[in-house]
Amino acid sequence: MLSTSLDENIRQLEDTFHDCGDLVKRKIPIGQHKDIWIYVAYIDMLINRETLESHVLNPLMVFVWETPPKPEDLQTDLLHTLTDCGFTTADVRESGDPAQLYNAILSGDTVFFVDGAASAIIISTRGWPSRGVSATDTEVTVQGAKDAFTESLRMNTMLIRRRIKDTKLKVKQLRIGSRTQTDVALMYLEDVVRPAVLEETLRRVKSIDIDGILDSGYIAQMIAENKISPFPQAQITERPDKASAAVLEGRIVITADNSPFVVIVPATLNTFMQAAEDYYQGWQIMSFIRLMRYAAGILSACLPGLYIAIAVYHPSMIPALLIYKMAGARQSVPFPTTLEILIMDLAFELLREAGLRLPGPLSGAIGIVGGLIVGQAAVEAGLVSPIAVIIVALTGICGFAIPHFSLVSGLRLSKYFILICSAVLGLLGFWASVLLVLSHLVSLRSFGFPYLFPMTAGEVNHYSDWKDTLFRAPLSAMKKRPIFANPAEDVRMHEAKKG
Amino acid sequence: MFSLNQKISVRQLQVLSILHVFGAGIIMLPRQAAAYGGQDAWIIVLLAACAALIFTYLMATVGRKFPADSFVSMTARLLSAPVGKCLAVLLALKLILSCGLALRLFSDILRQTMMRNTPCFVVCAAMGAVGAYTAAKGYETRARMAQILFPLILLPVLIVFCLAAFEADFSNLKPVFSTPPRDMFMGVFRSSAAFNGLELILLIHPYARRPDGVRKGLMQAMIFSGVLMALITGITIARLGAIDVTRQLWPVLEMMGLIDLPGSFIDRQDALVMSFWILSTFAVVNCELFFSALLFKDTVGKGKHAYYIIACLAAILVISFLPLSAERVNQIQTWLYSTLDVGFMAVLPILLLAAAKIRKIGGA
Amino acid sequence: MRKRAFTALILCLLTTGCWDKVELEDRGFVVSIGLDKFQAQSGRLTLTGAEQDNQYTVTAVMPNGMDIKENAVSDKTKSVKSADSATVSGALRLIDMGSSQKLYLKQAKMLLWSESLLQDEKLFQQALDAMERSQDISRKMFLIASKEPAWKVLSAPLGGEPMLGVFMENFYKNNGGGGSILFRQILQKTISDLRSSGCTVMPVLEIKDLDHPEKKDASTDKAPEDTEASRIMLTGCAVIRNYTLAGYLNAIETRGYEWIGGHCRDAEISLPRAEEQWPMRVIESGAKFFFSEEGGALRCDVEIHVTGDLDEHHFTGASVSLDRMQVYAAEFETAIAGEITRTADILQKQWGADAYHFKESLRKKNSNLFQRYGEDWESSYRSMKIIPRVRVELVSAGSVR
């Protein structure tokens, strides 16, 4: 508990924050006779100084002397006494717990200690410099909103609030990370979310025991059920519209301070194949694109392995003319087919990584350098055959067609596994590895939901989730929410009223 | 709803049973049926499916009376604990033998058609390991895998056989009903071996979410399987002729290789055909591994299911490595069917139903 | 410990795997296979097996490994290898040993059988059995017969054409399998025919100027390999009865056979009448058999229905009217019936070859008659009356002068 002696409180504060040069503190006399001492403390640059100076200090220092507070009021009702002095800010609270007060200072609030009072006032003055709402870099769409989440938790909750003006939209705030004390908010629709899923999510988030949460990706990994699986079990997005759509489906959005990405749970493979703009355009074209995405997903994992299995072990399937060309192209290549594909694939992965690290203007050049020069040069030097370049390029392009990069990572790793098995055992190895990956995916769960839902266990929701899987049904036909929603609130669209 | 209780829906049960029966039987069935019935082989298959339907009804009725009991506990209640355990061990050994022979056959086909130099043990071990991994994940995982594999296995087969129907000469099925009754009966008896996964119906009721719907669901699945297999047999004979069918070990695979896919530049579809065969064998191996391990676990009463799977896998691999020719494997499979399969599919359910009636135990 | 054992197992698997791995460039893709009865030849380079009792000469044609990229299917860059052995598979193994690449038979398109082999029942049956048992040989491979030795036909330069197997594959692909001698006989059908009715037919291939490839064409003064004129022709079919060659049918006789098979779509039949030629292009043709008994012998009524088109002609006199069309149709019916009868006479009376598979048809359609006549089919067949009933329908007559 705080002491009523201001000096004692100051000493405690200075002890706690010793060697913190960014702590700004000032002892100020207030009152008609300037005989009441207060002590202000905040972290420089974490606060909005305009709020502090105009809406708090100004009233305290200018107006309060006209109506000096009685000392006994400061003891018994500090908050009302001082706020009556004219704070023009609403977010004010009182606390006598030093830990809470210090935490508030670290979070960007300003704390006022008053001599003679056993509690202090916390005023929300958060206003650190931030990026502001900008366009999304990682999930670009042709049609739809362009705004993206930012590093500010409050900004992020605001972006979802703007889209869902429902009192049932809850923002449950927690703090996780023993040292970072990162503010985390769970957003959900109270009546739409499944209570069991919410409870489980809360349990998992609260059970995170780590010193620091620097990004929402930490949370996504720590709450995953199967920590060995390369496949993501929580969705990560930068788009507020995607997050809002997830909330409307009964899913939970977890947003963390200092992270422009939010986590959405539960997540199934099908949710990773859905992009935001799937619902902004006609169902016909979007169904076609959805099918292409699934095909791209399968190809990105299976194509190199299948090529090796067929070309090296079972070339009878390849048409005669093509096989002669392929055999001819490989005449001068010194490497076996498997090694050729591995070399090209690893080169492609390196180019991809290099492209990510390079500054904006140069990243386009990597595409030109990699694709045209390195690929062409390798073929002309006889290091690889043209077909290998095509296979690897096609595999890479298929990976780019998948909307969520976290799923692509899982597929990329599976690709190597399938490739190696195919190289060893041909078509048997290919199918054995595919079956192993499928078994793993089938046994994976995300907060109790099968990862491959509705391809498996689709009958549980009477196959209605199939309307938004391989193809997208017309919006008028998608009357029910997906399986994630509470069965009591699973209708989202009613029949249009006639007349 | 999606709790980890290993319960599956009736639909998933149907898919599992269709895949198991189809995968175990379709490769050799037309040859077995044609050996007795010639061009009437498709009728033999239909009649065999009717027999399988009767067996299914009997076994599902038994299971319905004891929906929560495992095979061991059910037979123990009806016939006494030692008898129950003996039957469980016998069934488990039968499954291990059957699986080992199926793997052996699979390895032979694969090595003869695609991978001549790859050692038998590598092929068997690879397929066994994949089957064991899935079996160890539990019954729900198996059911979900089956839902994924169902279109992958059946759709290409249906497409190929629809195309084959266009090229087939259906006059090869004439004259109809010209097979003597004795040959017909023997053909039905032997061809019923193609439905040799059915005895597992006695084990599946504890895994069903709605045990009362299992009987109807499985009957529907058997009708589907029977009709499909009869169609495939008929089209195979129409395309190849009865004599050719009896001369080939795997007429269905041969026939699939003969089809010209329209608009396609793929000349030989051996690899496509073998893909279907690999997936079918996987369905059979993981089913028999799962249940054999389960039976041993229930008999012993302790230990993890996964450990029993490993032990059963080892036994299966040893059997598959034995130096047996395809004809010898066929002989052993025929013997297995004539004795143990018929015993578990026909005799045991009747015995159990009679015991339940006499002792007045078991639900409706 | 378990993890180490597992890792070691995986490493062993990965390092000792790939037993069947053969890189594409290491495969010798055989395009055509030729089968001959072994005859000691001089001047022909061949691989000879260790056994002295060679029975077969097997020839394999494949693209030349070094030229495969640029001219993969060109006849000019083919590589032809022959081997003699007691068995077909032995000869193929010898060819494999004589090649730096691993022979790959699964892409082979064509099996060429020489007359000498077709005339030897035992060798032909053995060779066919070898093809049937081989897992590498596709049952969709088409069979062609040749009057000349297969090795000579496959070695002959074809000028600007692709290799023979590729040529024949493209030929069948583009000609739709219709038109009398254009029927395609695949291995599976041959085996099935011989097993069920003891008789089959195979198209016959001839190459012009086979023995004198240097002989120049008079009109162009170019060597055959440089001329664009076609040297490759299907000239009829070989009839095989009980695994031995019964004889050859020429192009017209083959057409007489094909009317009953119903494969004469796109055939061109032309009748000379007075100073006019009456050509008809067949649009569709189909046949049905009906068996009955007559005078203690079998009778087979063959109903042929032909839909045709007079697509080029030069008629003097009156324009083509409906009545006149019926006259033409009647003439064609007579001509077609004549072709069928002539061919049937050769097959039935001369060779006793049931190339039409009447025995099988009788078994399927009329089991009573089959029980009476099927036992001694050979004499039943020879004494059977084959009565063609042809109906021609002309759908249009084109323009009229």
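Could you tell me which of the pairs C:K21/C:K122; C:K37/C:K140; C:K106/C:K208; C:K106/C:K359; C:K122/C:K208 are separated by over 26 angstrom between their Cα atoms in the structure shown?
Beyond 26 Å between Cα atoms: C:K21/C:K122; C:K106/C:K208; C:K106/C:K359; C:K122/C:K208.
From the square roots a ≥ b ≥ c of the eigenvalues of the alpha-carbon gyration tensor of chain A, which class results: rounded (a/c under 1.5), prolate (a/b over b/c), or oblate?
Verdict is prolate for chain A.
Please work out the FRET efficiency for the pair A:I298 and A:L475, using the Cβ-Cβ distance as r and a Förster radius of 41 Å; give the result to the nearest 0.05.
Here the calculated transfer efficiency is 0.90.
If you take the alpha carbon radius of gyration of the stretch C:108-168 and divide it by 2.2 N^0.38 Å, what ratio comes out, to two decimals?
Here the Cα radius of gyration is 1.19 times the empirical estimate.
Quick check: the angle from helix A:153-163's long axis to the longest principal axis of chain A, C-alpha only, nearest 10 degrees?
It works out to around 70 degrees.
Express in whole angstrom the spacing between the alpha-carbon centres of the stretch B:49-103 and the stretch C:315-380.
The stretch B:49-103 and the stretch C:315-380 have Cα centres spaced 62 Å from each other.
Whole percent per 5 Å bin, from 0 to the bin with the longest distance: what is P(r) over all C-alpha pairs of the stretch A:153-267?
2, 12, 26, 26, 21, 10, 3, 0
I need the peptides B:197-204, C:347-354, A:13-20, A:224-231 ranked by packing, meaning the mean over residues of other C-beta atoms within 10 angstrom, with the highest value on top.
Descending packing order for the listed peptides: B:197-204, C:347-354, A:224-231, A:13-20.
Just to be sure I understand: of the beta bridges DSSP finds with both ends in the protein assembly as shown, what percent are antiparallel, rounded to 5?
Of the beta bridges lying entirely in the protein assembly as shown, close to 80 percent run antiparallel.
Can you spot the lysines whose alpha carbon is less than 17 Å from C:K364's alpha carbon? Ignore those fewer than 8 places along the same chain.
Within the straight-line limit of under 17 Å, C:K364 reaches these lysines: B:K174, C:K288.
Run the simple label-point estimate for A:S107 and B:Q6 please: 7 Å along Cα→C-beta, distance reported in nm.
Those two pseudo-labels are separated by 4.7 nm.
Counting pairs of alpha carbon atoms under 8 Å apart in space and at least six apart in sequence, what relative contact order in percent does chain A give?
Reported as a whole number, the value is 13 percent.
What are the GluC sites (Glu not before Pro) within the stretch A:154-209 that DSSP puts in a loop, where the Cβ has at most 16 other Cβ atoms within 10 Å?
Within the stretch A:154-209, the qualifying GluC sites (Glu not before Pro) (loop, at most 16 other Cβ atoms within 10 Å) are A:E190.
Roughly what angle does helix A:386-400 make with the longest principal axis of chain A, taking Cα atoms, 0 to 90 degrees, to the nearest 10?
That works out to roughly 30 degrees.
Please go through the residue pairs A:K146/A:K168; A:K165/B:K7; C:K152/C:K189; B:K137/C:K102 and name each one whose alpha carbons sit more than 31 Å apart in this structure.
Numbers: A:K146/A:K168 26 Å; A:K165/B:K7 40 Å; C:K152/C:K189 26 Å; B:K137/C:K102 43 Å.
Too far apart for the 31 Å limit: A:K165/B:K7; B:K137/C:K102.
Two decimals, Cα atoms only, Kirkwood Rh: what is Rg/Rh over the stretch C:259-394?
Reported Rg/Rh, Kirkwood definition of Rh: 1.07.
Tell me the label-point distance for the pair A:C20, A:M45, using the 7 Å Cα-to-Cβ offset, in nm and rounded to one decimal.
Placing both labels 7 Å beyond Cα along the Cβ direction yields 1.5 nm.
For chain A, find the longest principal axis of its Cα atoms and tell me its angle to the long axis of helix A:405-443, 0 to 90°, nearest 10.
20 degrees
Assuming 0.36 nm per residue, please report the length gained on full extension of the stretch A:Q221 to A:D137 beyond their Cα-Cα distance.
Extending this stretch completely gives an extra 28.0 nm.
Report the label-to-label distance for B:S338 and A:H33 in nanometres (one decimal), using points 7 Å from each Cα along the Cα→Cβ vector.
Rounded to a tenth, the inter-label distance reads 11.9 nm.
When the helix-only estimate is applied to chain B (DSSP H runs of n ≥ 4, each -39,500 (n - 2.57), divided by the residue count), what is the mean residue ellipticity at 222 nm, nearest 500 deg cm²/dmol?
Calculated from helices alone, the mean residue ellipticity at 222 nm is -24500 deg cm²/dmol.
At 0.36 nm per residue, and after removing the present C-alpha to C-alpha distance, how many nm does the segment from A:S287 to A:A488 gain when stretched out fully?
69.5 nm
Between beta-carbons, use under 12 Å as the cut-off and find the net charge around A:G297, counting Lys and Arg +1, Asp and Glu -1.
In short, +4.
Once a ≥ b ≥ c are taken as the square roots of the eigenvalues of the Cα gyration tensor of the stretch B:14-155, is the result rounded (a/c under 1.5), prolate (a/b larger than b/c) or oblate (a/b not larger than b/c)?
Since a/c reaches 1.5 but b/c is at least a/b, the shape of the stretch B:14-155 is classed as oblate.
Quickly estimate the mean residue ellipticity at 222 nm for chain A, helices only: each DSSP H run with n ≥ 4 gives -39500 (n - 2.57), and the total goes over all residues, rounded to 500.
Counting only the DSSP helices, I get -13000 deg cm²/dmol.
Counting only other chains, what is the mean number of Cβ atoms within 10 angstrom of the Cβ of each residue in peptide A:434-441?
Mean partner shielding for this stretch: 6.
Could you give the alpha-carbon Rg of the stretch B:10-359 over 2.2 N^0.38 Å, rounded to two decimals?
Details: Rg = 19.7 Å, N = 350, 2.2 N^0.38 = 20.4 Å.
Normalised Rg, Cα atoms only: 0.97.
What stretch of chain B, leaving out the sites themselves, is the longest with no chymotrypsin sites (Phe, Trp or Tyr not before Pro) in a DSSP loop having at most 13 other Cβ atoms within 10 Å?
Result for the longest clean stretch: B:1-176.
Between C:T341 and B:S178, what FRET efficiency follows from the Cβ-Cβ distance if R0 is 30 Å, with the result rounded to 0.05? Present the calculation step by step, with values, prior to reporting the outcome.
Values: r = 33 Å, r/R0 = 1.10.
Efficiency computed from Cβ-Cβ geometry: 0.35.
Anything in chain B that counts as a DSSP H helix reaching 18 Å or more along its axis (C-alpha) with Kyte-Doolittle mean of at least 0.5? List them, would you? Write down the numbers at each step before the final one.
Details: long enough: B:10-25 (22 Å, 1.05); B:41-65 (36 Å, 1.71); B:81-113 (47 Å, 1.27); B:120-136 (23 Å, 1.78); B:139-167 (41 Å, 1.38); B:214-240 (38 Å, 1.32); B:270-300 (44 Å, 1.34); B:305-321 (24 Å, 2.10).
Flagged H segments are B:10-25, B:41-65, B:81-113, B:120-136, B:139-167, B:214-240, B:270-300, B:305-321.
Using only the alpha carbons of the stretch A:86-170, what is the convex hull's orientation-averaged projected area in square nanometres?
Seen from a random direction, the Cα hull of the stretch A:86-170 projects 8.6 nm² on average.
Normalising by the residue count of the stretch A:192-261, find the relative contact order in percent from Cα pairs under 8 Å and 6+ residues apart.
Computed value for the stretch A:192-261: 41 percent relative contact order.
Calculate the FRET efficiency for C:Q119 and C:V395 from the Cβ-Cβ distance with a Förster distance of 56 Å, rounded to the nearest 0.05.
That pair, C:Q119 with C:V395, gives E of 0.80.
Can you work out the Karplus-derived ³J(HN,Hα) for every residue in the stretch A:172-177? Use 6.51 cos²θ - 1.76 cosθ + 1.60 with θ = phi - 60°, whole Hz, and x for glycine or proline.
Computed from phi, the couplings for the stretch A:172-177 are 8, 9, 9, 10, 10, x Hz.
Can you tell me the mean projection area, over all orientations, of the convex hull of the protein assembly as shown's alpha carbons? Units nm², please.
70.5 nm²
If you bin every alpha carbon distance in the stretch A:279-450 into 10 Å steps from zero, what whole percent lands in each bin?
All Cα pairs considered, the percentages come to 9, 31, 34, 20, 5, 0.
Using the alpha-carbon centroid of each, what span in Å lies between the stretch A:339-408 and the stretch B:162-218?
After rounding, the separation between the Cα centres reads 52 Å.
Lysines near A:K34 by alpha-carbon distance under 17 Å, same-chain residues fewer than 8 away left out - which ones?
Leaving aside lysines fewer than 8 places away in the same chain, those within reach of A:K34 are A:K70.
Read-outs throughout are calculated quantities, based only on the coordinates presented, and are distinct from any laboratory measurement. The structure presented is a predicted model; accordingly, all values stated were derived computationally and were not measured. Glycine also receives a Cβ, built like all others from the backbone with ideal geometry; neighbour counts cover every protein chain displayed.
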